[in-house]
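Notes follow once the structure below has been shown.
The values are calculated or read from the model by the stated rules, or taken from the named source; none is laboratory data. On a predicted model such as this, the values are computed, not experimentally measured, just so you know. Positions of Cβ are backbone-derived with ideal geometry, glycine not excepted, and every protein chain shown enters the neighbour counts.
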Ligand code: FPP
């Protein structure tokens, strides 16, 4: 079965910077470089959608300088992006600082007709919030079918989530794509996110292709 949709929990940026005696905030620029390497290799391996966890609703509790560093990394990426990917966001975008929200709308609009890989970025996102929102829509539409419910999720329209990868050594999902990962293959990698490279992507995809997926059957 092809790997169409892979999601990454990009953990370990702060630790990567600390290990180099750098401020934690510098880990996010290194994390963006890793993301570009990972996406390029995913595209080579014919992956159609890459979802990434850039900022959870819980991350709002982090120190202001750290939040700003993540937001600036995302904002600068959005405002300077000039490639072939189609870039989508999921999460409470209106709850973000205005300059960040503007950059999100700008890049979504700019890349809307692009035909390359889809990069789906979770920003100010919570999996539980997304499920509750979908429940409200299902209630409004009086449609409690699986298809009807899924049309209310932020990931609506994307292919099924085949695999979730978390770097940084922790083995948990941390409120990321909780509904979507029902039958995803899970990968937990000890490496810190900024250390991820093309070989790591190949190893994940090769292992995915070797796994038997039974979907409960
Ligand atoms: C968790 O690692 C990661 C984050 C909170 C944010 C990651 C965001 C980026 C790498 C920027 C991505 C850019 C775009 C455009 C999507 P952590 O720093 O909390 O790790 P730690 O466990 O070492 O503290």
Give me a count of the residues in region 51-63 that are touching a helix residue (DSSP H, G or I) at 6+ places or on another chain (Cβ under 8 Å) and more than 10 Å from the ligand (Cβ to nearest atom).
2
If residue 94 passes every condition in (1) in a helix (DSSP H, G or I); (2) more than 11 Å from the ligand (Cβ to nearest atom); (3) under 17 Å from the mean Cα position of the chain (by Cα); (4) closer than 24 Å to residue 132 by Cα but one, which one does it miss?
(3)
Meets criteria (outside any loop (DSSP other than H, G, I, E, B), under 20 Å from residue 78 (Cβ atoms), within 7 Å of the ligand (Cβ to nearest atom) and in contact (Cβ under 8 Å) with a residue 60 or more places away in the chain) for residue 30
no
I'm trying to understand the selection: among the residues of region 26-41, which are in contact with a helix residue (DSSP H, G or I) (Cβ under 6 Å, 6 or more places away or on another chain) and crowded, with 21+ Cβ neighbours inside 10 Å?
27, 28, 31, 34, 38
Could you tell me whether any residue of region 130-140 is at pLDDT 95 or above and either touching a helix residue (DSSP H, G or I) at 6+ places or on another chain (Cβ under 6 Å) or on the phi > 0 side of the Ramachandran plot (or both)?
yes
Among the residues of region 35-43, is any in contact with a strand residue (DSSP E or B) (Cβ under 7 Å, 6 or more places away or on another chain) and either modelled with pLDDT under 95 or more than 11 Å from the ligand (Cβ to nearest atom) (or both)?
yes
Looking at 108, 84, 66, 150, can you tell me which residue is free of Cβ contacts under 8 Å to residues at least 60 places away in the same chain, more than 14 Å from the ligand (Cβ to nearest atom) and over 21 Å from residue 173 (Cα atoms)?
84
Which numbered condition residue 164 misses (of (1) touching a strand residue (DSSP E or B) at 6+ places or on another chain (Cβ under 7 Å); (2) part of a loop (DSSP other than H, G, I, E, B)):
(2)
Any residue at all in region 69-78 that is more than 20 Å from residue 163 (Cα to Cα), away from the ligand (no atom under 13 Å from the Cβ) and either part of a helix (DSSP H, G or I) or within 14 Å of the chain's Cα centre (by Cα) (or both)?
no
